[in-house]
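> Attaching a single structure in structure tokens format; questions to follow.
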Amino acid sequence: MPETDRFLRMRSVLERVGFSRSTLYRKMQEGTFPRQVQISDYCRGWRESAINRWMADPASYREPDAPVERQAASVDIVPRRAD
């Protein structure tokens, strides 16, 4: 029988991954950690399966609709001449 997917709340997720709350939100913003899903009007949580996928390979995890990181333009800084 297939295992059912559960919803995990913030405290459970933080205990599993060992992040601070701010690091968790930053990683969600970057698209390198699963996003929360709306459970009810005032309740959000994470699917346990999404957390397990992230834990299997955190270094290469990307959300499907994550924003693409912009490459910083290479700029040569030339000192000003003193006239």
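> What ranking do 29-36, 58-65, 8-15 get when scored by the average of other Cβ atoms within 10 Å per residue, highest first?
My ranking of the peptides, most packed first, is 29-36, 8-15, 58-65.
> Convert 25 °C to kelvin, take the viscosity as 0.890 mPa s, use the Kirkwood radius over C-alpha pairs of segment 7-60 as Rh, and evaluate the Stokes-Einstein diffusion coefficient in µm²/s, rounded to a whole number.
Using the Kirkwood radius from Cα pairs, D works out to 217 µm²/s.
> HN-Hα J couplings of segment 5-13 from phi, Karplus 6.51/-1.76/1.60, θ = phi - 60°, integer Hz, Gly and Pro as x?
In residue order, the calculated couplings are 7, 10, 9, 10, 8, 3, 4, 5, 5 Hz.
Where a number appears in this text, it was derived from the coordinates with a stated rule and is not lab data. Every value quoted in this text rests on a predicted model; they were computed, and no experiment measured them. As a convention, Cβ positions derive from the backbone with ideal geometry for all residues, glycine included, and neighbour counts pool all protein chains shown.
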